[in-house]
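S.K.: Before I ask anything, let me first share the structure, which is written out below as structure tokens.
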Amino acid sequence: MERLDKVLKYVKNSISDEKLQQIFHESDYDLFHTEVEKLVESGFLSPVKASKTNGRLPPLFNKYRIIRPQEDNTAYIESVRRLNPILNISGYLLRPELYKKHLEIVEGLSRYLWLTQDLLNMPMSRKERSFSVWGREKLLDEHMALVKEVLKFNHLDDRFLNYYDTPEPFFEYHHDRGGPITVLVIENKDTWFTFRKLMQETGKNCFDGTIVNVLLYGEGNKITKRGALEDYSVNMLGGQATRFLYFGDLDWEGIRLFFRTRDANPSLELKPFSSLYQLMLEFAETVELPKSLDRRGVIGPLPEFLELLGLPEEGSLRNLLTEGKYIPQEIINYQVAVKILK
């Protein structure tokens, strides 16, 4: 069986007797001859008679055609019939092998159309839409060519998913600097851009009851440089009375980023934006969460973080982190943010 697998995985459609012997790792010619004949009898190899025999006894042909079994795609037919009617059901019935190729993309899209099609009426950032449809915020970035192929096959315009790209940001956005200032440090670029876009479009700056004057994009580990926020407060905000809130992914790395940023700026008041984190946990109960790509096994000071959020230690966050899952902050997408912005 192992030898057959190697033959079927061979990149070309025909193979020489010498290459077969290399694949089989069989130095005994008689045993090798027996194995080849078995594959011929089983229908996996067919001799190319025009190549003639190899002149050895017992003889083999110099070249064989590899006969790969036809894949049975009938199991996919019922799944195709259950797709949302907006999609090209008839096309996939004619080409079930293409449905198999498109499976993850088209099934996620169909589920979205059945359950939450109205969410397409308002825009989201690319990562927000990606998480909203497929539960993976980076799927569109990683498989854009395949997604475009799926959209084209289903006669859908590239703009169908109604997302906007986030250009390289200006790093900070000042909405209002009168009086005491609240700076919201945001871990991910898409969320920073979405909040900035809404504040500019609406003129509002109160998120879930908290007035935010400045949005600051954390840029990953850049925000954790020693004294970075302290210098920013003095040099960019003129030393005005300022408090800093932090908002990022709910995973071990996001928790560690918060504490590293706080520890690097001991003179500042930096706290997690509790109500937004709690909102993330509420929405997480309604979706299937992705597995964390961080396999380092490094945890963070979760009890203290939960205390800062006003959450019990034994709760849903501890459970999902223990299961190796995480909540990307893109779960707070454009549609969610517009409802909590007053």
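S.K.: Taking only pairs six or more apart or across chains, which ones have beta-carbon atoms under 6 Å, a first residue in region 28-47 that is free of Cβ contacts under 8 Å to residues at least 24 places away in the same chain and under 12 Å from residue 17 (Cβ atoms), and a second residue that is crowded, with 16+ Cβ neighbours inside 10 Å and of a type in the set (Val, Ile, Thr)?
M.R.: Hits for this filter: zero, empty list.
S.K.: OK, next. What's the number of the condition residue 268 fails, among (1) farther than 23 Å from residue 139 by Cα; (2) at pLDDT 90 or above; (3) outside any loop (DSSP other than H, G, I, E, B)?
M.R.: (3)
S.K.: Filter region 71-99 down to the residues that are basic (Lys, Arg) and either surrounded by 15 or more Cβ atoms within 10 Å (Cβ to Cβ) or on the phi > 0 side of the Ramachandran plot (or both) and list them by number.
M.R.: 95
S.K.: Oh, and also: Would you point out which residue out of 267, 274, 316 is among the hydroxyl-bearing types (Ser, Thr, Tyr), closer than 18 Å to residue 210 by Cα and more than 18 Å from the chain's Cα centre (by Cα)?
M.R.: Result: 274 is the single residue among 267, 274, 316 that is among the hydroxyl-bearing types (Ser, Thr, Tyr), closer than 18 Å to residue 210 by Cα and more than 18 Å from the chain's Cα centre (by Cα).
S.K.: Quick check on my filter: what residues within region 294-316 are at pLDDT 90 or above and outside any loop (DSSP other than H, G, I, E, B)?
M.R.: Within region 294-316, 302, 303, 304, 305, 306, 307, 308, 309 qualify.
S.K.: Looking only at residues that are outside any strand (DSSP E or B) and among the hydroxyl-bearing types (Ser, Thr, Tyr) in region 45-98, which one is nearest to residue 147 (Cα to Cα)?
M.R.: 92
This table checks each residue for (1) small (Gly, Ala, Ser); (2) within 22 Å of residue 335 (Cα to Cα); (3) free of Cβ contacts under 8 Å to residues at least 12 places away in the same chain; (4) in a helix (DSSP H, G or I).
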{"position": "195", "(1), (2), (3), (4)": "no, yes, no, yes"}
{"position": "216", "(1), (2), (3), (4)": "no, yes, no, no"}
{"position": "233", "(1), (2), (3), (4)": "yes, no, no, yes"}
{"position": "239", "(1), (2), (3), (4)": "yes, no, yes, no"}
{"position": "280", "(1), (2), (3), (4)": "no, yes, no, yes"}
{"position": "283", "(1), (2), (3), (4)": "no, yes, no, yes"}
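The values are calculated or read from the model by the stated rules, or taken from the named source; none is laboratory data. This one's a predicted model, so the numbers in the text were calculated from it and none came from an experiment. Glycine gets a Cβ as well: all are built from the backbone with ideal geometry, and neighbour counts include every protein chain shown.
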